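Notes to accompany the following structure.
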Amino acid sequence: MGFSPRGSARRPTELASREDGEMSNPRRSRFIKYLAISAVLLVFTAACSQGDRSTFNPAGPVAEAQLMLFNVLIWIMAITFVLVEGVLIYAAIRFRARPGQGRPVQTHGNMKLEIAWTVIPTILIMILGVWSVVVLWQIDQPPASADYVLEVTATGHQWWFEFDYADAGGGKAITTANELRVPVDTPVRVLLESDDVIHSFWIPRLAGKVDMIPTHTNRLWFQADSNKIETLPATFLGQCAEFCGLSHALMKFEVTVMEQDDYDAWVESYGQPQILSPKAQQGQNVFNANCASCHTSTGADAAALVDGRVAGFLAGGNIAPGPNLTDLATRRKFAAGILDLNEENLRAWLKNPNDFKPGNWMSKKAPFYQGGKNTLSDDDISAVIEYLISLK
Ligand SMILES: [Cu+2]
């Protein structure tokens, strides 16, 4: 009970070193070290707020509402934290034990204080809680006043995104991968599904993060506002936000926001038969023989086809659902947003996808990879690349 004699005996020397105002050398160097670490961390957080992936730069109503929620919560919590810690530190310094001081006056309880620090936080948390839920409800569905909502099903796969438009416009169904194209100023409802493990759908500047769960459909919506975008088409980066296996960090996608006319033109041109050069025709044969079990390259991927692949995959066959490649050549990137689309990168990818995506199912399952090496001839690889870059 009370102060131990050992404690009071030690106190004067400790206080003396604290009161002489100067920091001792080891303490000063430790202080400088912490300062340096904080400075480095600050640089990292500064990097977080830049570029196409910043939640602090919303480009539409949903991301804006989410940012507002974040800002209000963080500021109220920061102010509360500073106040409470301030009073605590003030009390600890102001009323600290001094040498020669006897036992302080003993008190117990203070009804007014107890009530104040129970009631104030309760009210605060209730306001913040109720308001958060109201905002979450508000951004759950596109505004009822919207006269058109584009609907897309996004399916998570290890480690890429499939996008299915049941009606992309004019009744046309489209299946594509890793690049979601949407018209500007149009609400887009995204139905979220997964064919393997849990993923999470996140476009930092537009909306997120909502989990993609096998056998259960979640949803979110977003809209890209023209008055927050400098030039069209604009690209917004997306990212899987739930750890989903080895290459989770390489599971990205892009949202391309287009003028309505450009979007309509894409829908119109999607899956139109292309005129193939002789080399590309050879490539098409290579493709049909080696790639078509997992990839589609002509028109829509019927849901049944994908389901069949998923079933084959789950049964352990030489099959894994792969991205629909119908419009591959019109994309900026491939392999889920990690490689720029050009011949050189396509060749490197086909040689060994594992160099870019550890554990990917293409090199694990495709029979033409033996011991991590592509056994197709260089000529066949060149031909299939010729074919791939004709897929518009
Ligand atoms: Cu994922």
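Please treat every number below as a calculation from the coordinates, not as lab data. Bear in mind that the values here come from a model prediction, so they are computed numbers and not experimental data. Heads up, the Cβs are rebuilt from the backbone with ideal geometry, glycines too, and the neighbour counts pull from every protein chain shown.
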### Message
When you check M258 against the structure, is it within 16 Å of the ligand (Cβ to nearest atom), in contact with a strand residue (DSSP E or B) (Cβ under 9 Å, 6 or more places away or on another chain) and not β-branched (V, I, T), yes or no?
### Response
no
### Query
Can you name every residue in the range 223-255 that is under 14 Å from F161 (Cα atoms) and either part of a helix (DSSP H, G or I) or away from the ligand (no atom under 16 Å from the Cβ) (or both)?
H248, A249, L250, V255
### Summary
Every listed condition ((1) over 30 Å from I229 (Cβ atoms); (2) among the small types (G, A, S); (3) touching a Lys or Arg at 6+ places or on another chain (Cβ under 9 Å)) holds for A168 save (1)
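Give the residue that is nearest to V62 (Cα to Cα), with candidates limited to residues of the range 83-135 that are among the aliphatic types (A, V, I, L, M) and in contact (Cβ under 8 Å) with a residue 40 or more places away in the chain.
So, considering only residues that are among the aliphatic types (A, V, I, L, M) and in contact (Cβ under 8 Å) with a residue 40 or more places away in the chain, the one nearest to V62 (Cα to Cα) is V135.
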### the range 256-286, residues that are touching a residue at least 12 places away in the same chain (Cβ under 8 Å), closer than 19 Å to T176 by Cβ, assigned to a helix (DSSP H, G or I) and among the hydrophobic types (A, V, I, L, M, F, W, C)
W266, V267
### Message
Take residues that are closer than 25 Å to W202 by Cα and tell me which of the helices (runs of 4 or more DSSP H) falling wholly in the range 288-386 contain 2 or more.
### Response
303-314, 361-365
#### Entry: Residue ID - farthest from D140 (Cα to Cα), chosen from residues in the range 190-205 that are in a strand (DSSP E or B) and more than 13 Å from the ligand (Cβ to nearest atom)
I203
### Message
If P204 meets every condition in (1) more than 13 Å from the chain's Cα centre (by Cα); (2) in contact (Cβ under 8 Å) with a residue 60 or more places away in the chain apart from one, which number is that one?
### Response
(1)
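Going by what's in this entry, would N218 be described as more than 22 Å from F334 (Cα to Cα), within 16 Å of the ligand (Cβ to nearest atom) and surrounded by fewer than 17 Cβ atoms within 10 Å (Cβ to Cβ)? Lay out the reasoning, then the answer.
Details: more than 22 Å from F334 (Cα to Cα): yes; within 16 Å of the ligand (Cβ to nearest atom): yes; surrounded by fewer than 17 Cβ atoms within 10 Å (Cβ to Cβ): yes.
So N218 passes the test.
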### Task
Considering every residue within the range 206-215, establish whether at least one is within 10 Å of the ligand (Cβ to nearest atom) and in contact with a Pro (Cβ under 6 Å, 6 or more places away or on another chain).
no
### Message
Among the residues of the range 85-107, are any among the β-branched types (V, I, T) and closer than 23 Å to A241 by Cα?
### Response
no
### Message
Looking at the range 226-234, can you tell me whether even one residue there is touching a residue at least 60 places away in the same chain (Cβ under 8 Å) and surrounded by 20 or more Cβ atoms within 10 Å (Cβ to Cβ)?
### Response
no
### Number of the exception - Q260 against (1) touching a Cys at 6+ places or on another chain (Cβ under 7 Å); (2) of a type outside the set (K, R); (3) surrounded by fewer than 16 Cβ atoms within 10 Å (Cβ to Cβ)
(1)
